[in-house]
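Each remark here refers to the structure printed beneath this line.
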Amino acid sequence: MTDTAVPDGTVSSGTGPTMAELFDPAHRADPYPAYRRWREHDPVAAVDAGFFVLTGHRECSEVLRDPRFGHLDAEQLTGPANPVAGEPPAEPRKPSFLMLNPPDHTRLRRLVSRAFTPRMIDRLAPRIEEITAGLVGAAVAAGTTDLLAALAAPLPVIVISELLGVPADDHERFVGWSHAMARGLDPDFLLPPQVRDEQARARVEFADYFRELAARRRVEPGDDLLSALVAVTDAGETLTEDELLATCTLLLIAGHETTTNLVGNGVLALLRHPEQRDALVADPSLVDGAVEEMLRYDSPVQLTARAALEDATVGDVAAPAGTFVLAMIGAANRDPAAHEAAESFDITRPPTRHLAFGQGIHFCLGSPLARLEGRIALRELITRAPRMRLAGEPVWKENVTLRGLASLPVALA
């Protein structure tokens, strides 16, 4: 995820697809044909001087793993040397470790990892099962429902809120903040000023809320992740208040929006391929593979940006220091060079190296939690509603970076 802007240009040859086509709202329901045209034209397409769009799996994977590519600091992002800069923020903010390079990234990720442990995630499984059973039970009783409102959206927000120790009465506020900040992750040229303003307000309100909650946890720690983050130490180092707030922001968006998209996008793919639904109902042991295929086939995170911190290469193309690259994860995950029958949805597909959680040092820290929620939600659905089917046309959000549904009408009875 990135706040870096990208230019609205054309590929340098003048004969290829355009950025306007790549992000055309008319393709929101199915951007993959546009991705395919870009990849077939050039998996490393030069959009502007010092800016590439990557649509090939090999090229995206190499950049995500290459230490020569990283993130620019706040001054570089808004400086005149950056050809794709957006407007500078009104108030500089501390980025999460997702947007940092070593050694800062290494230190912060290590500290957060000491609090956000596999043991803590494993401990959540019974509670996630309980929440999911209640939500699916209510949805089945309703017969026909919007699965986004009934399950995909409330499940992860309840889980991440409880994980962070947020009172139940504040969950709805969380949803509003999360939506505003997630929309603000899209490339700047796609965002009207109103959306940027809403994102800025959400960040301020969220930070104020967690600043107060963290102060309470310092005095009265609980059995929650926020208390653990407040108390975490490693060789005498702790998270500063700004680092703590940035981490909580990241956890909210990564723990809520992306898991909502995983469940929504994944169930839609399953319902559009009833033979796959039937195979999963007949053999629930396929659920792990089904979640991985859902992540690959319609990735919750569609793109991320990097900059060359020194002279490097992208595929076989030279990328001098300062070059920006937009790695189109959604396109890479449909690359036939990496995945056989890549356009097909197949829950029995052998394990593949999809990029839904990224790669390299920024590989998603919360991937075990997202996978756990996805497995539990899917297992409960196929058990309680084995003949579930679409009951209308789904509606997509305007988001580009975090791709997901606004509504998914389904019949569960």
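Data for the structure
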| item | result |
| --- | --- |
| Cβ pairs under 8 Å, 6+ apart, first in the range 57-84 and at pLDDT 95 or above, second buried (at least 18 other Cβ atoms within 10 Å of the Cβ) and of a type in the set (Phe, Trp, Tyr) | Val63/Phe69 |
| Subset of the range 19-49 that is buried (at least 16 other Cβ atoms within 10 Å of the Cβ) and over 14 Å from Met328 (Cβ atoms) - its residue that is modelled with the lowest pLDDT | Asp48 |
| Pair list, Cβ < 8 Å and 6+ apart or interchain, from the range 126-143 residues that are touching a residue at least 60 places away in the same chain (Cβ under 8 Å) and at positive phi to residues that are small (Gly, Ala, Ser) and outside any helix (DSSP H, G or I) | Gly143/Ala411; Gly143/Ala413 |
| Single residue of Gly322, Gly374, Gly404 found to be touching a helix residue (DSSP H, G or I) at 6+ places or on another chain (Cβ under 9 Å), surrounded by fewer than 23 Cβ atoms within 10 Å (Cβ to Cβ) and in contact (Cβ under 8 Å) with a residue 40 or more places away in the chain | Gly322 |
| Residue within the range 293-305 that is at pLDDT 95 or above and surrounded by fewer than 22 Cβ atoms within 10 Å (Cβ to Cβ) present | no |
| Close pairs from the range 16-44: first in contact (Cβ under 8 Å) with a residue 40 or more places away in the chain and over 26 Å from Ala406 (Cβ atoms), partner charged (D, E, K, R) and assigned to a helix (DSSP H, G or I), Cβ under 9 Å, at least 6 apart | Pro43/Arg58; Pro43/Glu59; Val44/Glu59 |
| Among residues of the range 137-156, those that are farther than 18 Å from Arg371 by Cα and either buried (at least 23 other Cβ atoms within 10 Å of the Cβ) or basic (Lys, Arg) (or both), counted | 2 |
| Contacts under 8 angstrom Cβ, first residue in the range 352-368 being closer than 17 Å to Ser113 by Cβ and in a loop (DSSP other than H, G, I, E, B), partner charged (D, E, K, R) and modelled with pLDDT under 90, 6 or more apart | Leu365/Arg109 |
| Test result for Met328, at pLDDT 95 or above and either more than 30 Å from Pro103 (Cβ to Cβ) or among the aromatic types (Phe, Trp, Tyr) (or both) | no |
| Out of Ala331, Ala356, Ala341, sole residue that is surrounded by 23 or more Cβ atoms within 10 Å (Cβ to Cβ) and more than 29 Å from Met120 (Cα to Cα) | Ala331 |
| Selection within the range 262-279 - charged (D, E, K, R) and crowded, with 20+ Cβ neighbours inside 10 Å | Arg277 |
| Residue in the range 192-205 that is within 30 Å of Met19 (Cβ to Cβ), of a type in the set (Asp, Glu) and in a helix (DSSP H, G or I) present | yes |
| Selection status of Val317, surrounded by 19 or more Cβ atoms within 10 Å (Cβ to Cβ) and of a type outside the set (D, E, K, R) | no |
| Residue tally, condition assigned to a loop (DSSP other than H, G, I, E, B), at pLDDT 95 or above and among the charged types (D, E, K, R), over the range 306-325 | 2 |
| Among (1) over 30 Å from Glu398 (Cβ atoms); (2) under 21 Å from the mean Cα position of the chain (by Cα); (3) not acidic (Asp, Glu), the one test that Arg334 misses | (1) |
| Considering residues of the range 117-136 that are in contact with a Lys or Arg (Cβ under 9 Å, 6 or more places away or on another chain) and surrounded by 18 or more Cβ atoms within 10 Å (Cβ to Cβ) only, the residue nearest to Glu212 (Cα to Cα) | Thr132 |
| Odd one out for Glu257 among (1) crowded, with 21+ Cβ neighbours inside 10 Å; (2) touching a Leu at 6+ places or on another chain (Cβ under 6 Å); (3) more than 19 Å from Val157 (Cα to Cα) | (3) |
| Test set (1) more than 21 Å from the chain's Cα centre (by Cα); (2) surrounded by 13 or more Cβ atoms within 10 Å (Cβ to Cβ); (3) over 19 Å from Ser367 (Cβ atoms) - Leu111 fails condition number | (3) |
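Yes/no matrix, rows are residues, columns are (1) in contact (Cβ under 8 Å) with a residue 60 or more places away in the chain; (2) in contact with a helix residue (DSSP H, G or I) (Cβ under 7 Å, 6 or more places away or on another chain); (3) surrounded by fewer than 14 Cβ atoms within 10 Å (Cβ to Cβ); (4) of a type in the set (S, T, N, Q):
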site: Ile158; (1), (2), (3), (4): no, yes, no, no
site: His171; (1), (2), (3), (4): no, yes, no, no
site: Met181; (1), (2), (3), (4): yes, yes, no, no
site: Leu190; (1), (2), (3), (4): yes, no, no, no
site: Phe210; (1), (2), (3), (4): no, yes, no, no
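Okay, residues lined up against (1) touching a helix residue (DSSP H, G or I) at 6+ places or on another chain (Cβ under 9 Å); (2) of a type outside the set (Ser, Thr, Tyr); (3) assigned to a loop (DSSP other than H, G, I, E, B):
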residue: Ala290; (1), (2), (3): yes, yes, no
residue: Met294; (1), (2), (3): yes, yes, no
residue: Ala327; (1), (2), (3): yes, yes, no
residue: Ala337; (1), (2), (3): yes, yes, yes
residue: Ala342; (1), (2), (3): yes, yes, yes
residue: Thr348; (1), (2), (3): yes, no, yes
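The values are calculated or read from the model by the stated rules, or taken from the named source; none is laboratory data. These numbers come from a predicted model, not from an experiment. Note that we place each Cβ from the backbone using ideal geometry, even for glycine, and neighbour counts take in every protein chain shown.
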